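The values are calculated or read from the model by the stated rules, or taken from the named source; none is laboratory data. Remember, it's a predicted structure, so these values are computed and weren't measured experimentally. Virtual Cβ from ideal backbone geometry, glycine too; neighbours counted across all protein chains shown. Note: areas computed on protein heavy atoms with side chains; ligands, DNA, RNA excluded. Shrake-Rupley method; radii C 1.70, N 1.55, O 1.52, S 1.80 Å.
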Amino acid sequence: MMRHLLTLFDLTPQELRQILATAQTLKAKLKQGERPAILERYTLALLFEKPSLRTRVSFETGMNHLGGSSLFLGDDVGWGKRESPSDFTRVLGQFVDAVACRAKSHERVEQLAEYNAVPIINSLTDLCHPCQAIADVLTLLENFGEVKGRHMVFVGDGNNVSRSLALACAMLNIQFTLARPDGYELDQPWLDRILAKYPNAKMNQTADPIAAVQSADAIYTDVWTSMGQEAESIARRAAFKNFQVNEQLLEAAPKTARVLHCLPAVRGEEITDAVMDGPQSDVIEQAGNRMHAQKALMIQLLRPEWIAENIRV
Ligand code: CP
């Protein structure tokens with residue numbers, strides 16, 4: 001059966017754990033100079049409507065490590081402009097084995113998946129960023145050995161990144177708190193969807209970041225103004241001014257708390273240089289984990305039997 005990853009709802013908690021274990025295995029092998037060619041002869045297309053450093057390079061390099069190849073498709077292929085979505089997707093499916101897609105709207109990625117021509121991997125939409133969240137929980141796992149019962153505090157907007165992170169936390173029994181100004185909550189339909197599937201999920205929202213981080217194992221932040229929200233930047237700067245991840249906030253957290261950011265960051269806005277470059281920061285390792293996580297995800301979608309035969313959770 002063809003599998004897509006449009007949101008993390010497309011995975012079971014057991015599959016997410018298998019992906020994390022596979023990522024850890026592949027990362028350890030890479031450190032020893034080993035690059036098992038598990039996806040030899042497979043081809044990944046990257047269909048991107050928005051800019052990217054981490055997602056694009058981690059998918060392309062990851063596919064290369066696995067013995068496969070990738071190609072980047074920008075504006076010139078005319079997605080949604082030159083031919084019908086059905087023709088576009090089914091033709092793409094004649095050439096490649098999977099498509100990683102970054103789109104301005106989630107509906108565009110859903111539409112690609114509709115024709116079941118080829119597995120589609122959501123590489124960021126306005127709704128969510130599932131690949132980012134897998135790398136985020138991988139980073140938490142590396143720090144703490146086991147993530148169950150840990151507390152992730154996201155200081156920032158109820159946006160695509162925090163939506164996926166909240167869901168990943170629910171799947172792995174990680175407590176999730178969003179510290180945000182009033183008006184920037186996680187939307188109720190998404191929360192309801194998480195709670196319908198994971199009724200025991202511990203999710204809170206608060207306007208008090210200092211109180212929120214007091215029991216944090218990880219403090220996560222993201223830009224106050226995401227791509228496409230530029231017209232709101234002045235209002236957002238004002239709304240989030242007390243939600244900066246800075247030395248004062250870190251003082252209120254346990255000394256063991258780790259600092260995460262999906263990047264790119266606006267230094268001096270949502271996070272200070274001292275915190276970003278400080279000893280509790282994992283932001284660069286976290287970015288590197290995008291590649292290990294996505295290698296494992298691609299194997300899960302294209303060759304799940306390899307994980308079943310080689311990875312024990
Ligand atoms: N975090 C993230 O998705 O980075 P890019 O936009 O550079 O891909």
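Data overview
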| read-out | value |
| --- | --- |
| Some residue of the stretch 148-160 being touching a helix residue (DSSP H, G or I) at 6+ places or on another chain (Cβ under 7 Å) and within 16 Å of the ligand (Cβ to nearest atom) | yes |
| Some residue of the stretch 21-35 being within 16 Å of the ligand (Cβ to nearest atom) and either crowded, with 18+ Cβ neighbours inside 10 Å or modelled with pLDDT of 95 or more (or both) | no |
| Filtered residue count, the stretch 53-72, keeping only those that are within 16 Å of the ligand (Cβ to nearest atom) and either crowded, with 19+ Cβ neighbours inside 10 Å or charged (D, E, K, R) (or both) | 9 |
| Residue list for the stretch 151-176, restricted to those being outside any strand (DSSP E or B) and among the hydrophobic types (A, V, I, L, M, F, W, C) | Val161, Leu165, Ala166, Leu167, Ala168, Cys169, Ala170, Met171, Leu172, Ile174 |
| Test: Lys81 is in the same structural domain as Asp222 (by the TED database) and more than 16 Å from the ligand (Cβ to nearest atom) | no |
| Candidates Met227, Met203, filtered to the one that is surrounded by 16 or more Cβ atoms within 10 Å (Cβ to Cβ) and in the same structural domain as Gly183 (by the TED database) | Met203 |
| The lone exception for Glu230 - which of (1) in contact (Cβ under 8 Å) with a residue 24 or more places away in the chain; (2) within 16 Å of the ligand (Cβ to nearest atom) it fails | (1) |
| Residues that are open to solvent by 10 Å² or more (accessible area, probe 1.4 Å) and either part of a strand (DSSP E or B) or free of Cβ contacts under 8 Å to residues at least 12 places away in the same chain (or both), drawn from the stretch 116-150 | Gly145, Glu146 |
| Total residues in the stretch 117-175, condition at positive phi and in contact with a Lys or Arg (Cβ under 7 Å, 6 or more places away or on another chain) | 3 |
| Output for the stretch 277-294, where each listed residue is surrounded by 15 or more Cβ atoms within 10 Å (Cβ to Cβ) and either more than 19 Å from the chain's Cα centre (by Cα) or hydroxyl-bearing (Ser, Thr, Tyr) (or both) | Gln280, Ser281 |
| Residue within the stretch 171-178 that is away from the ligand (no atom under 14 Å from the Cβ), closer than 25 Å to Arg54 by Cα and touching a residue at least 60 places away in the same chain (Cβ under 8 Å) present | yes |
| Search result, residues across the stretch 208-236 that are charged (D, E, K, R) and out of contact with any Phe, Trp or Tyr (no Cβ under 8 Å at 6 or more places or on another chain) | Asp208, Glu230, Glu232 |
| Breaking point among (1) touching a residue at least 24 places away in the same chain (Cβ under 8 Å); (2) within 14 Å of the ligand (Cβ to nearest atom); (3) of a type in the set (A, V, I, L, M), for Ile284 | (1) |
